[in-house]
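The values are calculated or read from the model by the stated rules, or taken from the named source; none is laboratory data. Please read all numbers here as calculations on a predicted model, not as lab measurements. Glycine also receives a Cβ, built like all others from the backbone with ideal geometry; neighbour counts cover every protein chain displayed.
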Amino acid sequence: MQSTCGSKYQLQFNEQTACLSFSGDWLFSAGIPDIEPLLGTLQQTADCQNLQFDSDQLGEWDSGLMTFLVKLTDACQQHQIAVENSGLPSGAQKLLSLANSVPEHKGVRRQLLGQPVLTRIGNVTIEMHRNWTDLLGFLGETFYAVLNLFRGRARFRTSDLLYQIEGAGPSALAIITLISTLVGLILAFVGAVQLRLFGAQIYIADLVGLGMAREMGAMMTAIIMAGRTGAAYAAQLGTMQVNEEIDALKTMGISPIEFLVLPRLLALCLMMPLLCVYADFMGILGGAMVSSLMLDISFFEYYQQVQSAVPLKHFLIGIIKATIFGVLVATAGCFRGMQCGRSASAVGFAATNAVVTSIVLIVVADAIITVICQILGF
Amino acid sequence: MSADYHLNIQNLTMAYGESIIQKDLNFTVQHGEIFIIMGGSGCGKSTLLRHLVGLMQPHKGQILINGTDLWQTSTEQRNQIISRSGVLYQGGALWSSMTLAENLEVPLKEYTDLTAKQIIEVINYKLSLVGLAGFEDYFPSEISGGMQKRAGLARAIVLDPDILFFDEPSAGLDPISSRLLDDLILQLRDSLGATIVIVTHELASIFSVGDKSIFLDPTRKTIIARGAPQQLLDTCDDPHVRKFLTRDS
């Protein structure tokens, strides 16, 4: 008699036939016995050709018994031992025949062994090529949709555009206010510590004004919008992809790029410069707070210094940057959404990829614009 | 806890906010029975199922599973009761970021003390029951809708539940797959002895698997007929039920 957990079995031989008697409860909450020792015994008996079961002493049973039986019958098949099920409870007989009714299709099981390095490189290359092809296709279609817009032929709903403008503009004001004020505050605070050493506190206005107008206003707004709106675009379009809503548009002969992407792109292009100006103002205000509280510089002095130190061109460069960032964030968000697979996890990947792509593009574009401005003397 | 009925619904009223969906529902389901909840679109069949599986709290009334009121007991005990039931959702509701094996692994890891090797063995067995042997490492998005449904069924029965709930099991399936799924439901009932509650409006399924049924009406917002499906077809006088069961427009 062998015993594992609550489940017990006994193997008896009668010439070429082995009889496996079950006793006790066979519930998988108590564990499933290993078939290896049993199989070893069966194999050691060289002339064993049949296996029968006796379940007279069997108590309660569930998938614990069935898992054991399925494994055992599989192993017996491999060792040319015929299995006779009639001694099993009728439910177990039915389940066993159900489990064996659809044999495993050949070649369907996946080999989980690691792929060779060359295969992996090849797969990554093919995937990159596919991504680039998709991106080029998307950019081409978007360009065509923009052309249609200028020709007055683009098909989208004005209400959608207004809704997207509201989502990308007024709804973002609270977070832009908080982040921009804090960025201005931090810039001023860091500068104040150093400038006070030289008695040059007043230049805090130059530092904050220039920093916000030329760089941080546009950059921080773009990063906020990438995390907030770009990810939302990817998730919205991805979910529409999952629900076949985009397929529905295509089959009606409506371009999803015009109907879905264009309003989002336009909304962000229109709102980003405005948000950037607002962020510049809030950042400079944050700097003014530190100046007045820590450095005894009045608001009026601070304002005059900002006015003299930051000519309009710096604000314009910031606004141009913000517009470009807006295009990049909207494009990345919409592209990842349109590229999304047809599952919930794919939507998550699309949103994550949208944010990562947007931030990378923002930083790269900022570097390029900065170099160009330097060359042009702006 | 043993009781005369596996499922006993008493004066159940379901509502979304103040909007009543169905009221004064009374019915019982016996152990090992296949019980059909039917009715036209929008009558509240799926809402009733959501109440029965503990996803929604009744507006009024009681849901007793094996004699225990689902909502007059501790959260711990409710979770214990719910874990003894299996649910097959309309689309399978498989977790898309997990393979089929991982989908089945989650409840096994959560509710049993099986070793990793034993869990794999149980998963292989359960997938073979629904004809998906060999598909352990596939993601739901890589298999067909019918296969997703069968994988959902494998997950629903992975813990050997006492009671199984099916929400529109035939929806989106071709007639052959639908028939195979009905056969599978019958085989599982016969072999596992589980009680099965099915929400459906597929007439073929209703007549081929149902032992008892109720018919929900969206206008009167209550049960307007009850009995074996064939008996309803033969004897029920209600014009709505007759139209429904005879596909008469």
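Points to keep in mind about this one:
- Restricting attention to the stretch B:96-135, the residues that are within 8 Å of chain A (Cβ to nearest Cβ) and closer than 26 Å to A:C340 by Cβ add up to 3.
Residues checked against (1) touching a residue at least 24 places away in the same chain (Cβ under 8 Å); (2) out of contact with any Phe, Trp or Tyr (no Cβ under 9 Å at 6 or more places or on another chain); (3) farther than 30 Å from B:D238 by Cβ; (4) not assigned by TED's automatic domain parsing to the domain that holds B:S208:
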site: B:L25; (1), (2), (3), (4): yes, yes, no, no
site: B:V29; (1), (2), (3), (4): yes, no, no, no
site: B:V53; (1), (2), (3), (4): yes, no, no, no
site: B:T68; (1), (2), (3), (4): yes, yes, yes, no
site: B:W71; (1), (2), (3), (4): no, yes, yes, no
site: B:T99; (1), (2), (3), (4): yes, no, yes, yes
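- Elements of type helices (runs of 4 or more DSSP H) in the stretch A:204-270, at least 2 residues being modelled with pLDDT of 95 or more: A:217-225, A:231-242
- Only a single criterion out of (1) away from chain B (no Cβ under 14 Å); (2) at pLDDT 95 or above is not satisfied by A:A351, namely (1).
Residue-by-condition table, conditions (1) touching a residue at least 40 places away in the same chain (Cβ under 8 Å); (2) over 30 Å from A:L195 (Cβ atoms); (3) surrounded by 22 or more Cβ atoms within 10 Å (Cβ to Cβ); (4) more than 36 Å from the chain's Cα centre (by Cα):
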site: A:R264; (1), (2), (3), (4): yes, yes, yes, no
site: A:M272; (1), (2), (3), (4): yes, yes, yes, no
site: A:G283; (1), (2), (3), (4): yes, no, yes, no
site: A:S292; (1), (2), (3), (4): no, no, no, yes
site: A:Y302; (1), (2), (3), (4): yes, no, yes, yes
site: A:I319; (1), (2), (3), (4): yes, no, no, no
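- For the stretch B:136-153, taking the residues that are touching a helix residue (DSSP H, G or I) at 6+ places or on another chain (Cβ under 6 Å) and more than 11 Å from every other protein chain (Cβ to nearest Cβ), the one that is nearest to B:T195 (Cα to Cα) is identified as B:A151.
- Summed over the stretch B:185-204, residues that are free of Cβ contacts under 8 Å to residues at least 60 places away in the same chain and surrounded by 18 or more Cβ atoms within 10 Å (Cβ to Cβ) total 4.
- Hey, B:I81 assigned to a strand (DSSP E or B) and among the aliphatic types (A, V, I, L, M) or not: no
- Matching entry among B:E136, B:E168 (being touching a His at 6+ places or on another chain (Cβ under 8 Å) and of a type in the set (D, E)): B:E168
- When B:A93 is tested against (1) in a strand (DSSP E or B); (2) surrounded by 17 or more Cβ atoms within 10 Å (Cβ to Cβ), just one condition goes unmet, and that condition is (1).
- Of everything listed in (1) away from chain B (no Cβ under 14 Å); (2) touching a residue at least 12 places away in the same chain (Cβ under 8 Å); (3) more than 25 Å from A:M225 (Cβ to Cβ), the single unmet condition for A:Q307 is (2).
- So A:I297, is it within 26 Å of A:G209 (Cβ to Cβ) and within 21 Å of the chain's Cα centre (by Cα): no
- Taking the criterion of being among the basic types (K, R) and either more than 14 Å from chain A (Cβ to nearest Cβ) or in contact with a Phe, Trp or Tyr (Cβ under 9 Å, 6 or more places away or on another chain) (or both), the only residue of the stretch B:73-95 that qualifies is B:R78.
- Taking the listed residues B:T246, B:T200, B:T235, B:T219, the one that is over 18 Å from B:S41 (Cβ atoms) and either at pLDDT 90 or above or away from chain A (no Cβ under 14 Å) (or both) is B:T235, with no other qualifying.
- Within the option set A:D25, A:D34, being within 48 Å of the chain's Cα centre (by Cα), crowded, with 17+ Cβ neighbours inside 10 Å and not small (G, A, S) holds for one residue only, A:D25.
- Positions within the stretch B:155-179 being touching a residue at least 40 places away in the same chain (Cβ under 8 Å), within 12 Å of another protein chain (Cβ to nearest Cβ) and either more than 13 Å from the chain's Cα centre (by Cα) or assigned to a helix (DSSP H, G or I) (or both), in sequence order: B:V158, B:L159
- For the stretch B:148-162, the set of residues classified as out of contact with any His (no Cβ under 9 Å at 6 or more places or on another chain) and of a type in the set (D, E) consists of B:D160 only.
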